[in-house]
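Every number here is computed from the coordinates shown, using simple stated rules; none is lab data. Remember, it's a predicted structure, so these values are computed and weren't measured experimentally. Note: ideal-geometry Cβ built from the backbone for every residue, glycine included; neighbour counts use all protein chains shown.
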Amino acid sequence: MKSELIRVIIVDDHPVVTRGLAAVIKAFDEDLCLIGEASSGEEAITLCEKAQPDVVLMDLLMPGMGGIEAIRTIRERWPCMYVIALTSFGEKEMVKEAIKAGAISYLLKNVSAQELVKTIHEAVSGKSNLSPEIAELLIQDIRKPPQKEYGLSSREQEVLKLMVSGLSNDAIANRLVISRSTVKFHVSNILSKLGTASRTEAVSLAIRNHLVN
């Protein structure tokens with residue numbers, strides 16, 4: 001950890017959140033120094049240029065340039081700055097994108113003051129931290145078996161979707177404005193590609209594996 005003060009900026013478009021974070025930084029650790037606040041990604045980049053912080057606390061959803069793009073830009077321009085994603089949203093794809101963009105840690109806004117301060121200190125030492133909910137989300141995603149690729153064409157996917165909806169071959173033909181023999185051809189291909197012996201089995205497999213919306 002650095003011996004001098006850790007210089008921190010807050011990037012969030014909600015004033016109440018900003019005031020709360022500022023209070024934590026000022027009251028909970030004398031080694032932390034709040035040197036600026038921004039309410040958008042564009043303001044964050046300008047502030048980083050002027051203030052040269054050690055750590056940036058970055059919200060992700062803001063007007064204008066969002067937090068993920070701001071993280072990417074900051075890390076590209078100033079690799080020595082550490083960005084902690086601090087947001088209310090724990091969607092899997094958002095977490096992945098923030099980390100991919102260069103966030104060293106990902107915390108939810110329900111984090112305790114002690115954990116936030118600890119994460120800031122660890123960031124300047126190059127150590128990452130994830131909120132428990134985020135860590136569990138990523139673990140579940142890693143453990144999830146990869147979805148098998150069946151190689152269905154776009155037309156076969158359309159036919160399968162209608163099969164799942166319970167439509168007969170005649171009804172599918174009417175819906176897609178194709179001949180009944182063409183539908184039978186597509187259904188035969190679908191059964192073959194899915195490795196199923198019947199229409200019912202194909203529909204069951206499609207539902208289990210979320211092959212159609």
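Just tell me, in residue order, which DSSP H segments of the chain are both 20 angstrom or longer along the helix axis (alpha-carbon based) and at least -0.5 in mean Kyte-Doolittle hydropathy.
Span-like helices here: 180-194.
Pairs of Cα atoms under 8 Å, at least six residues apart: use those to get the relative contact order of the chain, whole percent.
After rounding, I find 14 percent.
Where in segment 104-213 are there trypsin sites (Lys or Arg not before Pro) that are in a DSSP coil and have at most 16 other Cβ atoms within 10 angstrom of their Cβ?
Answer by residue number: 109, 127, 148.
Express the relative contact order of segment 32-72 as a whole percentage, based on alpha carbon pairs under 8 Å and six or more residues apart in sequence.
Across segment 32-72, relative contact order equals 44 percent.
May I ask you to derive the relative contact order of segment 154-208, considering only C-alpha pairs under 8 Å and at least 6 residues apart, and to give it as an integer percent?
37
Would you report the distance distribution of C-alpha pairs in segment 6-143 as whole percents per 5 angstrom bin, up to the bin with the largest distance?
Reading upward from the zero bin: 2, 11, 23, 26, 22, 11, 4, 1, 0.
Just to be sure I follow: if Rg is taken over the C-alpha atoms of segment 154-208 and Rh is the Kirkwood radius over the same atoms, what is Rg/Rh?
Here the Rg-to-Rh quotient is 0.92.
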